[in-house]
Amino acid sequence: MLVAVKGDAWNSSVFGGLGTNHMTALDSGPSTAPKTFFFNDPVIRGIVCQIVVAIILVSFIVWIIGNTAANLTAQNKTTGFDFLWKTAGFDISFTLLPWTRASIYWQAFLVGITNTLLVAFIGIVAATVLGFTIGIARLSSNFIVSSLATIYVETIRNIPLLLQLFFWYFAVLNTMPAVRESYELPLDSFINQRGIFVPKPMPDPQFAFVWIALLVAIAAVFGLRYWVIRRLETTGKRFPVFLTSVVVLVLLPAIVWLVSGADLAFEIPVLERFSFKGGVQLPPEFLALLFGLTIYTASFIAETVRGGIQAVSHGQTEAAQSLGLKEGDRLQLVIVPQAMRVIVPPLTSQYLNLTKNSSLGAAIGYPELVNVFSGTALNQTGRAIECIALTMLVYLTFSLLTSAIMNWYNARVSLVER
Amino acid sequence: MTNIGFVRSELIPAKPAPNRISGPMAWVQKNLFATPMDAVLTVFGMLFLLWIVPPLFNFVIGQAVGPSGTVEECRAVDAGACWAYIYNEMKFFIYGFFDIAEQWRPNIVFALGALLFVPLLIPKVPFKRVNAILFLLVYPAVSYILLAGGVFGLLEMPTQKWGGLLITLIISVVGITLSFPLGIVLALGRQSTLPVIKTLCVAFIELIRAVPLITILFMASIMLPLFMPQGTTMDKLLRALVGVTLFTSAYMAEVVRGGLQAIPRGQYEAGASLGLGYSQRMYFIILPQALKHVIPGIVNNFISLFKDTSLVYIVGMKDLLEAVKTKNDSALEWQSSNTATTGYLFAAMVFWIFCFSMSRYSIFMERRLNTGHKR
Amino acid sequence: MTQTSQTTADQVQSAKKAPAIGTRPAIEIIGMHKWYSDFHVLRDINLTVQDGERIVIAGPSGSGKSTLIRCVNRLEEHQEGQIIVNGVELTADLKRIDEVRREVGMVFQHFNLFPHLTILQNLTLAPIWVRGIPKVEAEATAMHYLERVKIPEQANKFPGQLSGGQQQRVAIARSLCMQPKIMLFDEPTSALDPEMVKEVLDVMISLAEEGMTMICVTHEMGFAHQVANRVIFMDQGQIIEQNEPEQFFFNPQHDRTKLFLSQILR
């Protein structure tokens, strides 16, 4: 016991590792060892250490606050969040929420958040589709397909995202023709220097029935799947779920559309003197950011997917084969559920990365959170600390929410081991 | 019962495999046309290559204007990439505004760096410890004196004049070197049993990892000067370095933590049973093993950092990408429809070469470590 | 030869109380060759396994034993010759492969249980999805076989929670749930701790006693001696020698066999 106590003298310098745990556990038993010099007691040592660190940290913070206060007074600047309720008085080129120059700063904050979420959401969906396709393609036994996928991944992920954004924005979209010489795209769309103009769907009220029919069809597909599995488990009869699902999903809304006589009109963009009228305008900043984020993140998602599928050992495929499971069942019942456990956590962090990377939109003028709030609003109000803190708080919230969801997911799917 | 005994009298020698499983035809059959679906994919893949490769080749090489070309050639209707522009502006892309007469100084820094850094990467080269000390302690001092000047009769060269690839390399190398020890301290702190220290480390790591680098750089650029005592002016390069280092150290901490967790408990216990204290155990037993495990992770961090240096334009530094962008926008004498594309293509190639070779190196180390681990 | 073989045959009969071997061939392998790209792994394999026969394949590592039995349920593809399992010849035809795999169970060296499913789910997966057996019935069968391998109490645990020996017994039960006609064992005890080997072998012995057609690749020579009708010795991708266990172990003919036995039976 004495030896252990002596060992502990070394044991708890600044950081207690796993070893400390172990040794303290030994030490906590009934001991008749003579009392050592108080500083050799690991508990006291730990407390002293933490107090010292805390004191250093607090004095550092006090020092910074003092400096900042002095600097701000010298520059005649005030602090506080009161500016959030003042009129912003600047324009934002692209908003989902109503915005005028008379709007106030916290509305600008919300506009920034929604613009960030908009590009992040669309980007995540697109990058997932592209990334899964390319990840699976990399594993293809077809030499050309797997080579193309490999070239894509190795090229894209080794070039900075900002450079790719610049490329899309300055080298591609900015060199599009002026409005009057717009290129015509299929489906009555146009592309020019101001971005892409697409027709705007103008459904009449009757069209709501079609949406309802679609929801019903989706519910029916889930019900069908449940019923098919139940039937398989009771009678052993199989049923072509996939084909039936597709038919239901297409036919039901189509029939309702025809029967209800709902009308879906499109407002087609029309070239006027200087600009297009009608339709939806997708500005080049938005498009460049979306392309860049999607293409860049897809290369990382592809690697995640490939790793996940490869992580399921070949023995699993063989075991499933030797049980006589067919390829489709093998994937659905054995491989995919295991691969998904490996894929989902890094996939989520890629989603988070995409959201964080959307802040690079600031460099090409897309009005997302950093651009609107840490850029324009900060410059106009001079409230640097407040603006940057609020911006960081938003990203921190995204991150904490995601990791909470992930923890829940991991706890749910983690393999039970001894 | 029939006699089932059987003894082979003569061994069968190996025969060559039938043609359909080896040889070029078998390869084509297996890799390109194994199933009807494969055949369709192969045809589509070929069509895609036919569609994309010729124009790409024409742009980059076929119809490109070589280094000795003129701007008029670049402005021709069917001209490809304008390499003459890159060739003429190359010095700016590498050194920024560094005085042309003094550019031998960064050249020495580049050469010295390569000389000291390359042997560090090759596992077989001896004297790693001396090499590392030279690279980490002596080299930065020598480089700083050479680049900044002002002593030994060297012309003073303020950091605002540094730029281009020089800045990209400085920020990434300094950033990774400083964030490494900081990351180790944070990782150890995160595993601590002392609640105050653990909480601080976790909070720092998670906060930094939650926010985009761009906001950290905003902070370094705008808030850092506010935090300093009145009258102190902070060099822009220094601000960028502080931001980048803090950012990278949080990621580095997570990499190191992975390595620490991979070390079996028995190692800690064996160290303790020998009577080694905490810091001795860490220094002699745990960290050497853990860090070796995470070399690939560290290299991957370095790749990310190298790409992320392109963001330091926020604090007003002209790194490689920003230098290219500046020239694209401002070099009126080289204005043509392909100038911007060529500029970005050039920058992309430079970044790609660096990042790709690093990622190959990381794979090489991973293989080496894996086999070393198994046997 | 005839003299000894007669006496050994008697001994075998008494020692094994094994049911009679059928005369219908369960597996026929005729002039089979296999290459891994340019490496000739299996050379001119000829082997007929009668219904109810129990065969042990022995040989040094890399001799092609595992590859041979993996060819029997087409986990590996052969390039020349024929493999006929239960009257169905294995070709690239997926239908036939499915047909064969339904009737042939396989037990792996590393168990290959599905770690994300409970033991019971591991056992009922294939009966439900391949055989179309109602779930209730499949679960009853699964419990029956779990009892046979003596671990019914583990039904709702996950594979990771079981010891190696238990996992391997589950893997055997998983194959049995498909009611196979033939069982293949690919070094089932090699990855186990010594004290767990017996519990797995006991299960295999009891299977043998019921007359299951079995091919085992194993290094357990005691097991081979006790249950096999025939021991096959392979080296360099070919069958070097085959005989009844008594003859094989105590009167090996080929030098290579003698050398192998002298190293393994010390």
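Points worth noting:
- Largest GNM mean-square fluctuation among A:THR235, A:THR397, A:THR244, using chain A with Cα springs under 10 Å: A:THR235.
- In plain terms, the residue of B:LEU154, A:LEU117 with the fewest other Cβ atoms within 10 Å comes first and the most crowded comes last, giving B:LEU154, A:LEU117.
- Percent of Cα pairs in the protein assembly as shown per distance bin of 10 Å, from zero to the largest separation: 2, 8, 14, 17, 18, 16, 13, 8, 4, 1, 0, 0.
- By the compact-protein rule of thumb, 2.2 N^0.38 Å, the alpha-carbon radius of gyration of region C:97-217 corresponds to a ratio of 0.97.
- Cα lying deepest toward the dipole's positive end in chain B, options B:MET358, B:VAL202, B:ALA111, charges on Cβ: B:VAL202
- Spread of Cα-to-Cα distances over 5 Å intervals beginning at zero, given as percent, for region A:194-265: 3, 15, 18, 15, 13, 11, 9, 7, 4, 2, 1, 0, 0
- Relative contact order of chain B, pairs being alpha-carbon contacts under 8 Å that are 6 or more residues apart, as %: 18 percent
- Alpha-carbon centroids, region A:315-343 and region A:71-111: separation in whole Å: 55 Å
- Taking amide H positions as modeled 1.01 Å from N, with prolines and chain starts lacking one, no residue 5 or more places away or on another chain lies under 5 Å from B:ILE263.
- Student exercise, chain B dipole from Lys, Arg, Asp, Glu Cβ charges, in Debye to nearest 20: 1700 debye
- Extension gain, B:VAL185-B:PHE57: 0.36 nm per intervening residue step, less the Cα-Cα distance, totals 41.1 nm.
- Label-to-label distance for C:ASP93 and A:ILE56 is 7.8 nm, based on points extended 7 Å past Cα in the beta-carbon direction.
- With Cα atoms as the point set, chain A shows a radius of gyration and Dmax of 29.8, 96 Å.
- Around the Cα centre of chain A, unit charges on the Cβ atoms of Lys, Arg, Asp and Glu (plus for the first two, minus for the last two) sum to a dipole of about 600 debye.
- Long-range amide H partners of C:ALA26 with built H, under 5 Å: C:VAL49, C:GLN50, C:ASP51
- Cross-link partners for A:LYS277 among the lysines, with Cα-Cα distance under 28 Å and sequence neighbours closer than 8 places in the same chain left out: A:LYS200.
- Globularity ratio of region B:177-369, using Cα Rg and 2.2 N^0.38 Å: 1.28
- Reference-scaled alpha-carbon Rg (2.2 N^0.38 Å with N residues) for region A:214-330: 1.74
- With the convex hull drawn over the C-alpha atoms of region B:1-89, the volume per residue is 227 Å³.
- Helical runs assigned H by DSSP (4 residues or longer) give the protein assembly as shown a calculated mean residue ellipticity at 222 nm of -18500 deg cm²/dmol, each run adding -39500 (n - 2.57) before division by the residue total.
- When C:ASP98, C:ASP255 are arranged by Cβ crowding within 10 Å, least crowded first, meaning fewest neighbours, the order is C:ASP255, C:ASP98.
- Only Lys, Arg (+1) and Asp, Glu (-1) charged, at Cβ; region B:148-252 dipole about Cα centre in debye: 180 debye
- Anisotropy class of chain C from Cα gyration tensor, a/c 1.5 cut: prolate
- Chain B: C-alpha pair distances exceeding 40 Å, %: 36 percent
- For C:ILE128, neighbours were defined as the other residues whose beta-carbon sits under 12 Å from its Cβ, and their charges (Lys and Arg +1, Asp and Glu -1) total +2.
- Shielding by partners, peptide B:7-14 (average Cβ within 10 angstrom, other chains): 6
- Of C:ARG174, C:ARG131, C:ARG43, the one that fluctuates the most in a GNM where chain C has Cα springs shorter than 10 Å: C:ARG131
- Separation of region C:193-243 from region B:27-73 is 57 Å, based on Cα centroids.
- Distance from region B:217-246 to region C:131-156 (C-alpha centre basis), Å: 68 Å
- Given B:LYS91/B:LYS325; A:LYS237/C:LYS135; B:LYS161/B:LYS327; B:LYS161/B:LYS236; C:LYS95/C:LYS135; B:LYS128/B:LYS292, the pairs whose alpha carbons are separated by over 18 Å: C:LYS95/C:LYS135
- For B:278-287, mean number of other protein chain Cβ atoms within 10 Å: 4
- Using C-alpha pairs below 8 Å separated by at least 6 residues, the relative contact order for region B:93-157 is 30 percent.
- Viscosity 1.306 mPa s, temperature 10 °C, Stokes-Einstein D of region B:93-157 from Kirkwood C-alpha radius, µm²/s: 122 µm²/s
- Summing +1 for each Lys or Arg and -1 for each Asp or Glu among the other residues whose beta-carbon sits under 12 angstrom from that of A:ASP188 gives -1.
- For residues of B:220-228, the mean tally of beta carbons on other chains within 10 Å: 5
- Protection proxy ranking of B:141-152, B:94-105, by the mean of other Cβ atoms within 10 Å over each peptide's residues and highest first, is B:94-105, B:141-152.
- Histogrammed with a bin width of 5 Å, the alpha carbon distances of region B:217-263 distribute as 5, 20, 21, 15, 11, 10, 8, 6, 3, 1 percent, first bin at zero.
- Distant-in-sequence amide contacts of C:ILE240, defined by a placed amide H-H separation under 5 Å and a gap of 5 or more residues or a different chain, comprise C:PHE233, C:MET234, C:ASP235.
- Cβ-defined net charge surrounding A:THR297, 14 Å radius [Lys, Arg +1; Asp, Glu -1]: +2
- Relative contact order %, region A:200-354, counting alpha carbon pairs below 8 Å whose residues are six or more apart: 24 percent
- Span-like helix ranges in chain B, DSSP H, alpha carbon extent 24 angstrom or more, Kyte mean at least 1.0: B:36-57, B:104-121, B:164-190
- Burial ordering of B:TRP51, A:TRP211, fewest other beta-carbon atoms within 10 Å first: B:TRP51, A:TRP211
- When chain A is treated as a Gaussian network with alpha carbon springs shorter than 10 Å, the biggest mean-square fluctuation among A:LEU110, A:LEU187, A:LEU251 belongs to A:LEU251.
Each reported figure results from applying straightforward, stated rules to the coordinates on display, with no laboratory input. Keep in mind the model is a prediction, meaning the values are calculated, not measured. So basically every Cβ, Gly included, is an ideal-geometry build from the backbone, and we count neighbours across all protein chains shown.
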